[in-house]
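Here is the structure we will look at.
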Amino acid sequence: MLKPVHLLLPLLAAAFVPTAFADTSPTPATDPRIEHLLKQLDQVQHIGDVAISPDGRQLAWTMSVKDKPVIELADANGRNAHVLDVGAKLAECSKRDIAWSPDSRQLAFIADCSHDLTNTQPMHNDVYLADVGGKAAPREVASLTGYARAMAWTNNGKSLGFLFVPGATRHASATAAGKEQVGVIGEEGIEVQHVASLDVASGTLHELTPASLYAYEFNWSPDGARIAYTAAPPPGDNNWWINKLYVQDAKPGATPRVVVDPSTVKGSLHGLQMALPRWSPDGSRVAFIGGLMSDQGATGGDIYSVPANGGALSNLTPGVDVTLSWFSWTGPQSLLVSQNAKGKVQLAAYTVSGDRAKAQTPYFTVPAMIGNGRAVLGVSLSADHRMVAFSQSSFEHAPEVHAGPLGHTPPPAVTAFNAALKPSWGKAVSVEWTNEGRHVQGWLLYPANYDPHKTYPMIVSVHGGPAWGVLSSWPGTGAMYAATGYFEFMPNPRGSYGQGEAFVQANRRDFGYGDLRDILAGVDAVEKMVPVDDHRLGLTGWSYGGFMTMFTPTQTQRFRAAVAGAGLSDWQSYYGENRIDQWMIPFFGASLYDDPAVYAKSSAINFVKQAKTPTLIVVGDRDEECPAPQSFEYWHALKTLGVPTQLVVYPNEGHHFANPKHVRDVLQRSLDWFAKYLPASK
């Protein structure tokens, strides 16, 4: 349901104006101190895609240099780094989805020269090919009217495959601003994402998958003759939660074959989600990650395997006590897996024997966030699997490119873009506690200039999801509270990633109860560690965290101020308002119409007369995942009951805000709100 915070906005972000649109309503007076703080916290240079060449000798990554999107090339150790010359035509265009050719001589990428923040104008994506050893400008292979992403070469180097939405006006994601709901609803303006292939020599485009299926992820077979992909009938934003695994010939008009259908399969995958399909090296099997997931991209679960032509499904990793989030085959019987282990990231080898995969001693464990741009916790591997590259950041260190041999020493940083940046907040520690027989973990940021002889207020930030988890990553503006004198506590209660599927599924049909008890027990544990004033607790969250921020004040008066971003106040009305209702069945066990009671028991609106907490509410007017009426409903209730509240709604924004001015406005409003009702100093 809800995207991980670090992929959206810095943990709280999203802003709005009192019961109207942000562009026309009064905005808070700019506090020069806050403006200086936010600029200071936002100095980081962000790294996008990271890719190591198949021969392991070269690196490529995307980033912005002086506000211009660039592709940089370097040796595998980071030396001789330079910007790829793309010519004046592409200088201002975004460059993404970089992909090395199998011979390591060429780099393909997608250029997007549009700058439409409203998600209403037709998109134009172009595919380019750069000869990294030559001086010629990159060659345009295809000009596409639509949205393209997830580019991958066939092993013979003759074709590029990617996901393609012809005529798209928005990114293919439920977190993007939704289309205006006018006309014949559910029948007009539906955009379909295909697996497409592009002949590199001729530039000929082929749409491989049928219009009746919306494809989400795909993978070439080793010989390039077939594709495996996850797909469901359109609309794609809603139906990812019921996707099936298909295999078909890599030809237009080929007949897809269903290999796995979670709605009918028996065992641990029944009714759950699938992601990251990957062919085995010999082409005989397809493996994927399956589990209870709250959004595409928030991947976590067990690794499953199935014969490519259909047959018995095997859970290769049943009962593991970590969350597997990314993997790659490294041999006929071996996998490289990236996993969340109680809030830390591990890279580990798994040996496959029959229908089981056994984890070996992890190569390394880092209290950090890693990724390759395409996948959270994903890495880029050389063809011989000896070299690895990814971006990495933590609470202590801003993002850098890391690369080196795959071994038991974490690869070092090979860039120093952000080396001069130091945290504007205090130290970060992992906190662990037990509650109701469960072991729980979270992260605590200390306030800047911490003095153990003083008492401090604390803001509890609940992550989105619920199937997600907080990892140590450079928070930037997400640490603005710790930078201004607050403790920030980020718990991973039941329902979170990091401790296996049983822990992820522990709050099914129980939203807001067991996870809240875990959070409150975590607050108790923190208060035994550091001098937190229990009478100065604040609460915030986005998405599922926004729901928890609305629900919690109806269950306890412990929090003195709250900021709810893109929240949910009434699961019953929400069921009919959102455009992703398929996600709810796995978590609630039935539709609203079959079991209204399970939805009612977790609806904040049913207990709202108990709420006394001053609450700032923010949401986008085109949010498909957490529609604005949910925020209006909660705001209206608090206002009617005389509880201090403010609702701010931003135009042309979805679940993931696109306009930097709107993001900045939310951050300032959030700081102002807590400063008013929960001052950092008495």
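The values are calculated or read from the model by the stated rules, or taken from the named source; none is laboratory data. Predicted model only: the values in this text are computed from it and were never measured. Neighbour counts run over all protein chains shown; Cβ positions are idealised from the backbone, glycine included.
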Note to self: If I filter segment 380-389 down to residues being assigned to a strand (DSSP E or B) and in contact with a Leu (Cβ under 8 Å, 6 or more places away or on another chain), which single residue comes out as nearest to A60 (Cα to Cα)?
What the structure shows: A389
Next item on the list: Might you check whether a residue that is among the hydroxyl-bearing types (S, T, Y), closer than 30 Å to W240 by Cα and in contact with an Asp or Glu (Cβ under 8 Å, 6 or more places away or on another chain) occurs anywhere in segment 641-660?
Entry: yes
Margin query: Go through (1) touching a Leu at 6+ places or on another chain (Cβ under 9 Å); (2) under 26 Å from A99 (Cβ atoms) for F417 and report which single condition fails.
Written below: (1)
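I'm checking my understanding of the structure. Among residues of segment 80-124 that are of a type in the set (S, T, N, Q) and under 18 Å from G134 (Cβ atoms), which one is surrounded by the fewest Cβ atoms within 10 Å (Cβ to Cβ)? Write out each step before concluding.
Of all residues in segment 80-124, those of a type in the set (S, T, N, Q) come to 80, 94, 101, 104, 106, 114, 118-121.
Now narrow it down to the ones that are under 18 Å from G134 (Cβ atoms): 80, 101, 104, 106.
Numbers: N80: 9, S101: 19, S104: 18, Q106: 21.
Looking at residues that are of a type in the set (S, T, N, Q) and under 18 Å from G134 (Cβ atoms), I get N80.
Table: residues versus (1) in the same structural domain as G642 (by TED's automatic domain parsing); (2) of a type in the set (A, V, I, L, M, F, W, C); (3) out of contact with any Phe, Trp or Tyr (no Cβ under 7 Å at 6 or more places or on another chain).
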| site | (1), (2), (3) |
| --- | --- |
| A525 | yes, yes, no |
| K528 | yes, no, yes |
| G546 | yes, no, yes |
| T549 | yes, no, yes |
| T556 | yes, no, yes |
| A566 | yes, yes, no |
| S569 | yes, no, no |
| W583 | yes, yes, no |
| D594 | yes, no, yes |
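If we keep just the residues of segment 187-212 that are of a type in the set (D, E) and assigned to a loop (DSSP other than H, G, I, E, B), which is surrounded by the fewest Cβ atoms within 10 Å (Cβ to Cβ)? Walk me through how you get there before you give the answer.
Within segment 187-212, the first condition is being of a type in the set (D, E), and the residues that meet it are 187-188, 191, 199, 207.
Still in the running and assigned to a loop (DSSP other than H, G, I, E, B): 187-188, 191.
Working: E187: 7, E188: 9, E191: 19.
Looking at residues that are of a type in the set (D, E) and assigned to a loop (DSSP other than H, G, I, E, B), I get E187.
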Item checked: Hits in segment 627-640 - residues which are hydrophobic (A, V, I, L, M, F, W, C) and touching an Asp or Glu at 6+ places or on another chain (Cβ under 9 Å) -> A628
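What tally of residues in segment 491-527 results from selecting those that are among the β-branched types (V, I, T) and farther than 16 Å from V431 by Cα? Please lay out each step first, then the result.
Keep residues of segment 491-527 that are among the β-branched types (V, I, T), which gives 504, 519, 523, 526.
Right, trim to farther than 16 Å from V431 by Cα and you get 504.
Residues that pass the stated criteria total 1.
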Notebook entry, point to check: Out of the residues in segment 31-62 that are among the acidic types (D, E) and closer than 28 Å to T477 by Cβ, which is surrounded by the most Cβ atoms within 10 Å (Cβ to Cβ)?
Noted result: D49
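Does V259 fit the bill of being assigned to a strand (DSSP E or B), farther than 27 Å from H171 by Cα and in contact (Cβ under 8 Å) with a residue 12 or more places away in the chain?
Yes, satisfied.
So which residues in segment 633-669 are touching a Phe, Trp or Tyr at 6+ places or on another chain (Cβ under 6 Å), β-branched (V, I, T) and within 14 Å of G620 (Cα to Cα)? Lay out the reasoning, then the answer.
So the first thing to find is which residues in segment 633-669 are touching a Phe, Trp or Tyr at 6+ places or on another chain (Cβ under 6 Å), and the list is 645, 647-651, 662-663.
From what's left, β-branched (V, I, T): 645, 648-649, 663.
Listed by number, the residues that qualify are V648, V649, V663.
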Next item on the list: Working carefully through the options V618, V643, V666, V608, find the one that is touching a strand residue (DSSP E or B) at 6+ places or on another chain (Cβ under 9 Å), assigned by TED's automatic domain parsing to the domain that holds Q555, more than 30 Å from Y446 (Cβ to Cβ) and of a type in the set (A, V, I, L, M).
Entry: V643
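Kindly establish whether V184 is surrounded by 14 or more Cβ atoms within 10 Å (Cβ to Cβ) and out of contact with any Gly (no Cβ under 7 Å at 6 or more places or on another chain). First the steps, then the outcome.
On the way: surrounded by 14 or more Cβ atoms within 10 Å (Cβ to Cβ): no; out of contact with any Gly (no Cβ under 7 Å at 6 or more places or on another chain): yes.
No, not satisfied.
Among the residues of segment 40-60, which ones are within 25 Å of the chain's Cα centre (by Cα) and assigned to a loop (DSSP other than H, G, I, E, B)? Lay out the reasoning, then the answer.
Let us first name the residues in segment 40-60 that are within 25 Å of the chain's Cα centre (by Cα), namely 40-52, 59-60.
If the condition is that a residue be within 25 Å of the chain's Cα centre (by Cα) and assigned to a loop (DSSP other than H, G, I, E, B), then D42, Q43, V44, Q45, H46 are the ones that fit.
Is it the case that segment 122-130 has a residue that's among the acidic types (D, E) and over 25 Å from I190 (Cα atoms)? Can you show your working first?
Taking segment 122-130 first, the residues among the acidic types (D, E) are 126.
From the residues that got through so far, the ones that are over 25 Å from I190 (Cα atoms) too are none.
So far as segment 122-130 goes, no, none of its residues is among the acidic types (D, E) and over 25 Å from I190 (Cα atoms).
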Margin query: Looking at D23 and the list (1) modelled with pLDDT under 85; (2) not hydrophobic (A, V, I, L, M, F, W, C); (3) not in a loop (DSSP other than H, G, I, E, B), which single condition is not satisfied?
Written below: (3)
Notebook entry, point to check: Mind checking which residues of segment 292-311 are more than 17 Å from A228 (Cβ to Cβ) and hydrophobic (A, V, I, L, M, F, W, C)?
Noted result: L292, M293, A298
Margin query: Can you tell me how many residues within segment 97-115 are out of contact with any Phe, Trp or Tyr (no Cβ under 7 Å at 6 or more places or on another chain) and over 21 Å from M387 (Cα atoms)?
Written below: 5
Item checked: All positions within segment 630-661 that are under 24 Å from the mean Cα position of the chain (by Cα), in a helix (DSSP H, G or I) and at pLDDT 95 or above -> Q630, S631
Notebook entry, point to check: Taking segment 298-325 on its own, how many of its residues are closer than 24 Å to K344 by Cα, out of contact with any Pro (no Cβ under 6 Å at 6 or more places or on another chain) and aliphatic (A, V, I, L, M)?
Noted result: 5
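Here is a yes/no grid of residues against (1) assigned to a loop (DSSP other than H, G, I, E, B); (2) free of Cβ contacts under 8 Å to residues at least 60 places away in the same chain; (3) small (G, A, S):
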residue	(1), (2), (3)
S325	no, no, yes
T330	no, yes, no
K358	no, yes, no
T361	yes, yes, no
S391	no, no, yes
H397	yes, no, no
H402	no, yes, no
T409	yes, yes, no
T415	yes, no, no
